[in-house]
1. Would region 116-127 turn up any residue that is outside the structural domain of residue 332 (by TED's automatic domain parsing), free of Cβ contacts under 8 Å to residues at least 24 places away in the same chain and either surrounded by fewer than 24 Cβ atoms within 10 Å (Cβ to Cβ) or not basic (Lys, Arg) (or both)?
2. Within region 252-269, is there a residue that is β-branched (Val, Ile, Thr) and touching an Asp or Glu at 6+ places or on another chain (Cβ under 8 Å)?
3. I'm checking my understanding of the structure. Among residues of region 164-187 that are out of contact with any strand residue (DSSP E or B) (no Cβ under 7 Å at 6 or more places or on another chain) and more than 19 Å from residue 136 (Cα to Cα), which one is surrounded by the most Cβ atoms within 10 Å (Cβ to Cβ)?
4. Please work out which residue is farthest from residue 277 (Cα to Cα), limiting yourself to region 327-347 and to residues that are touching a Leu at 6+ places or on another chain (Cβ under 7 Å) and hydrophobic (A, V, I, L, M, F, W, C).
5. So residue 218 fits all but one of (1) modelled with pLDDT under 95; (2) outside any loop (DSSP other than H, G, I, E, B); what number is the exception?
6. Listed residues 262, 211, 186; which is in contact with a Ser or Thr (Cβ under 6 Å, 6 or more places away or on another chain), assigned by TED's automatic domain parsing to the domain that holds residue 334 and more than 19 Å from residue 127 (Cα to Cα)?
7. Given 151, 146, which one is over 22 Å from residue 348 (Cβ atoms) and buried (at least 22 other Cβ atoms within 10 Å of the Cβ)?
8. So, of the residues in region 288-305 that are assigned to a loop (DSSP other than H, G, I, E, B) and in contact (Cβ under 8 Å) with a residue 40 or more places away in the chain, which turns out to be nearest to residue 261 (Cα to Cα)?
Amino acid sequence: MRAILLTRRSSKSTNVDQTSLIDGTDELSVPSAFWGIARVGPVVWASLRFGSATEGGRDTRESSFILIEHGDANSHRHATRPGGCVDGDVEQDPRRLFNSCSVGSNVDVLRIGSFQPATPVFLSPIAGYCDLAFRLTVRSLGGVGLASSDLVNPRGLLRQTPKSMALVETNSDDQPLCIQLYGNEPDEMARAAEWCEEHGAAVIDINMGCPVDKVCKRNGGSALLRDIIAAVRLAGTVVRAVRVPVTVKMRLGWDDGSIVAPELARALEDAGVAAITVHGRTAEQKFRGSVRLDGIARVVEAVRSIPVIGNGDICSPQDAEHMRRVTGCAGVMIGRAALSDPWLLRDTSAWLAGDPMPPPPTPFERLDVMDAHFRRLLAFRGERIGTMIFRQRVSWYCRKLPASREFKERVRLMTSPSEYWDAAGAYREQLAAGRAERAA
């Protein structure tokens, strides 16, 4: 057996990679704070956690990777690690393999407390969109490690108001499920978390990232970023109330003058929070500008052992791979891009796992998924409300459909399900005619 120890040390002014070759090693002493280990054919890959240090007045970070090769090294020259890295020559060019892989993460070992998702790709709690019908639609396409409910107010949940019950509606096909709560009253949040656990939530998430005014005016969502002590007290109370893992979704800070995510993440870990999801913008930015990967990376560096999930601007599998490689995050959470392309989670999971990419959906397949989504809405919400909701969703779907302006307008103005089926039938005929014309 042989092993290659790969170490990356970086600072603001320099990046140095060091490679050491250890021959004839039967045992390796792996630090206790390692991220995970996975076997890939004849190769065992151990990915160690970040360490932080100060060197010459500069903050540095270090991550090490041990590649342990079993059997005849000459007969197993190439290996692919889960996580989307390219084939690397293990014997002659270990640094190429190291540089192509996501730093500090491993697709096979992401664990949130007692919960281990099937993939490191999560569906975000998209406010106003992530209801049961949409979650099931995305799940039906594959690749979902965890899906979340829309954010729900604990007071409405405990009172079981119709609106709150619709937000947390679920069934046996909607698993594993995370229910996201927002609020600022610890006892109320804890009692709501107990309700979520009793009703099948695999994970409970606390929203500390929503920038919407109506949420922040109640001192919930990203308003909690302005009071770290209260935020940590709230999270600790919820953690103690339930047995399932409790996570937090946050932003980098309230504004550029108050970037608190690294400090808050470390404090939340001490309070028992099992994972942190970071949207790489401030609350003041809302969805303007670009996501800041360096901000997510600082949160990864700040925590000791819990996973960090990166979120923001993931519109392709390559975006997800880039985020993981640059930040070291253990997984990714996909939000608005899934509204127009619900296959994105499937494709991203395949890409990160190094599996063959599925063929892209045809316009007919996209229309079939729209039909299924609409049927679910009608079943769960009834004809009137289901029709109203789908009128708001069609514009997202049509971003990926060719020559769909007339179809989109007909659906946006529909008042009954029959009008949708008529419009969808006409659009199918239009697609078929176009295909026949191209074939001729």
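The values are calculated or read from the model by the stated rules, or taken from the named source; none is laboratory data. Predicted model, so just to flag it, every value in this text is computed and none were measured. All Cβ positions, glycine included, derive from the backbone under ideal geometry; neighbour counts span all protein chains shown.
1. The answer is yes, given that some residue of region 116-127 is outside the structural domain of residue 332 (by TED's automatic domain parsing), free of Cβ contacts under 8 Å to residues at least 24 places away in the same chain and either surrounded by fewer than 24 Cβ atoms within 10 Å (Cβ to Cβ) or not basic (Lys, Arg) (or both).
2. So far as region 252-269 goes, no, none of its residues is β-branched (Val, Ile, Thr) and touching an Asp or Glu at 6+ places or on another chain (Cβ under 8 Å).
3. Ranking the qualifying residues of region 164-187, first place goes to 183.
4. So the residue we want is 343.
5. Answer for residue 218: the failing condition is (2).
6. When all the criteria are applied, what remains is 186.
7. Checking each option against the conditions leaves just 151.
8. 292
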